[in-house]
Amino acid sequence: MTITRFAPSPTGYIHVGNLRTALMNYLIARKNGGEFILRIDDTDPVRSKEEYVDGLKEDLTWLGLHWDRVERQSERLDKYHAAADELRKIGRFYEAWETPTELDLKRKKQLNMGKPPVYDRAALNLSEAEKAKLRDERGPGVWRFKLDQERIEWKDGILGDISIDAASVSDPVLIRGDGQILYTLASVVDDTEMGVTNVVRGSDHVTNTATQIQIMQALGGTVPTFAHHSLLTGPQGEALSKRLGVLALRDLRERGVHPFALLSTMARLGSSDPIELRTDMESLIDGFDIERFGSAPTKFDVEDLFPMTGRYLQTLPLEAVASDIAALGVPEDKAALFWQVTRENITTLHDLKGWWQMFSEGAEPVIADEDKEFVAEALALLPEGEFDESTWGTWTAAVKEQTGRKGKGLFMPLRLALTGKPHGPDMGAVLPLLQVVKARG
């Protein structure tokens with residue numbers, strides 16, 4: 001069975017970059033009738049916050065990305081320590097005591113000599129007495145995985161054939177000096193024990209994947225299929241990392257972006273398939289193919305989400321937005337007409353408030369000097385009584401006959417006088433809504 005996972009760290013709110021990873025893993029699982037695991041990477045007790053766990057669940061639920069089960073790494077620490085013991089037993093785990101300053105000096109020396117700045121494995125040459133002395137002086141050291149210095153190869157679902165020389169990579173630290181289990185070890189143990197078959201993540205994890213493959217093999221696990229998607233950039237190709245704080249999913253939700261506008265974009269962005277609005281999860285799943293994604297940095301413009309949100313809203317029946325409309329104070333008997341009038345003139349549901357304010361409170365008239373007498377004369381011809389969808393035609397016909405105006409010269413000054421806007425819905429539908437609140441221009 002296909003099993004995928006999304007493993008966020010609860011150290012902040014998830015953003016569009018995280019979503020891309022979550023969505024790809026979700027779509028693969030659903031397309032293959034598999035399982036999608038939400039795995040909370042909360043092994044850092046200082047930075048992990050429960051509010052962020054709640055927040056990411058809320059964000060995924062808002063998007064309709066429902067997980068099959070939740071796992072928390074903080075509840076699996078015994079599994080990671082058991083794996084560490086196994087690595088020690090087979091001679092693939094060793095303790096090292098270099099300080100950050102010492103490591104930095106070593107890297108600089110290696111670079112000056114034209115060598116790759118990798119850890120020199122000095123700790124492997126320490127005698128037991130030297131280890132005991134360092135342990136007394138510096139406390140517990142970090143624990144590094146001893147890589148087999150050979151080429152690590154795999155066929156990536158997006159990048160194709162990958163080959164990395166393990167000799168060019170430092171033996172990774174899997175446990176810190178304070179005992180904290182780091183991501184690489186926890187992820188390997190979880191992927192192995194949970195039977196994860198497919199892992200999709202950002203291309204910045206490629207080197208990390210190489211080391212994880214060796215750790216999995218050392219522990220006797222089955223290596224999953226890996227795919228590394230490109231990283232997002234801004235619309236001009238600029239680094240997006242500095243802006244991710246303002247691209248949190250909860251912020252986009254607050255701004256009125258609709259889930260399917262976001263999902264439709266992220267499910268195809270960076271692939272050879274066009275980005276088209278999808279209005280149901282099934283069509284997103286059916287058309288998804290990880291192999292159609294490219295390796296080049298992918299441009300993302302948050303502003304593209306708003307017109308797509310508008311297009312999605314146009315597809316909705318009144319029932320889908322009835323509660324939003326009622327919350328504005330729109331009378332129930334006018335709700336259908338209000339939605340008919342506004343649905344193609346909004347970008348997000350937030351825009352409905354402005355339209356209802358115009359209908360309920362009246363707009364600030366926009367009247368050119370040369371149109372003042374004409375508008376006054378026209379308003380005097382407004383029919384008495386209730387307005388309906390025929391009122392606009394009846395009224396403008398009477399105004400045309402009395403003033404001789406026609407075409408744009410007739411209609412535009414009246415639209416501006418009544419709505420304050422040069423463009424908008426058909427005025428035949430607008431007038432009944434204006435009349436309901438006694439707004440007669």
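Values in this text are rule-based calculations from the coordinates and carry no lab data. Here the structure is a predicted model, which is why all the values come from computation and not from measurement. For neighbour counting, all protein chains shown are included, and Cβ atoms are generated from backbone atoms with ideal geometry for every residue, glycine included.
For the chain, what number results from the quotient of the Cα radius of gyration and 2.2 N^0.38 Å?
Cα Rg divided by the expected 2.2 N^0.38 Å: 1.40.
Name the shape class, rounded, prolate or oblate, that the alpha-carbon gyration tensor gives for the range 285-413, where a ≥ b ≥ c are the square roots of its eigenvalues, rounded holds for a/c under 1.5, and otherwise prolate holds if a/b is larger than b/c and oblate otherwise.
Taking the square roots of the gyration eigenvalues as a ≥ b ≥ c, the range 285-413 is prolate.
Relative contact order (percent) for the chain, with alpha-carbon contacts under 8 angstrom and 6 or more residues of separation?
It rounds to 13 percent for the chain.
For Lys372, go through the lysines and keep the ones whose alpha-carbon is under 17 Å away, minus same-chain ones fewer than eight residues off.
Lys400, Lys406, Lys408, Lys421
Report, in degrees rounded to the nearest 10, the 0 to 90 angle that the Cα long axis of helix 206-218 makes with the longest principal axis of the chain.
In the chain, helix 206-218 runs at an angle near 50 degrees to the longest axis.
With the Cα gyration tensor of the range 55-122 in hand, give its eigenvalues times 5 under a square root as the equivalent ellipsoid semi-axes, listed largest first in whole angstrom.
Equivalent ellipsoid of the range 55-122: 39, 22, 11 Å, largest first.
Any idea what angle helix 351-361 forms with the longest principal axis of the chain, computed on alpha-carbon atoms, 0 to 90 degrees, nearest 10?
For 351-361 against the chain, the angle is about 30 degrees.
Who wins for biggest fluctuation among Phe300, Phe387, Phe145 in a Gaussian network model of the chain, springs between alpha carbons below 10 Å?
Sorting by GNM fluctuation, first place goes to Phe387.
Distance in nm between label sites at Ala429 and Lys155, each 7 Å beyond Cα in the beta-carbon direction?
5.4 nm
Would you mind calculating the gained length between Ile90 and Leu381 on full extension (0.36 nm times residue separation, minus the Cα-Cα distance), in nm to one decimal?
Additional length available on full extension: 95.2 nm.
Using 1/(1 + (r/R0)^6) with R0 = 45 angstrom and r between the beta carbons of Leu328 and Met194, what's the FRET efficiency to the nearest 0.05?
0.45
In debye to the nearest 20, how big a dipole does the range 317-436 give about its Cα centre with +1 on each Lys and Arg Cβ and -1 on each Asp and Glu Cβ?
The dipole of the range 317-436 has a size of about 360 debye.
What distance in nm lies between label points placed 7 Å from Cα along the C-beta direction at Asp251 and Glu51?
About 1.6 nm, to one decimal.
Which lysines, if any, have their Cα less than 17 Å from the Cα of Lys49, not counting same-chain residues under 8 positions apart?
Lys57
Among the listed pairs Lys79/Lys146; Lys79/Lys133; Lys79/Lys131; Lys89/Lys131, which are separated by more than 22 Å between their Cα atoms?
Lys79/Lys133; Lys79/Lys131
Given the DSSP H assignment, sum -39500 (n - 2.57) over each helix run of at least 4 residues in the chain and divide by its residue total; what's the result at 222 nm in deg cm²/dmol, nearest 500?
-13000 deg cm²/dmol
Roughly how tilted is helix 100-112, in degrees to the nearest 10 and between 0 and 90, from the longest Cα axis of the chain?
Taking Cα atoms only, the helix is inclined about 90 degrees.
Using a Förster distance of 60 angstrom, determine the FRET efficiency expected from the C-beta separation of Gln110 and Glu401, and round it to 0.05.
Result of the calculation: an efficiency of 0.05.
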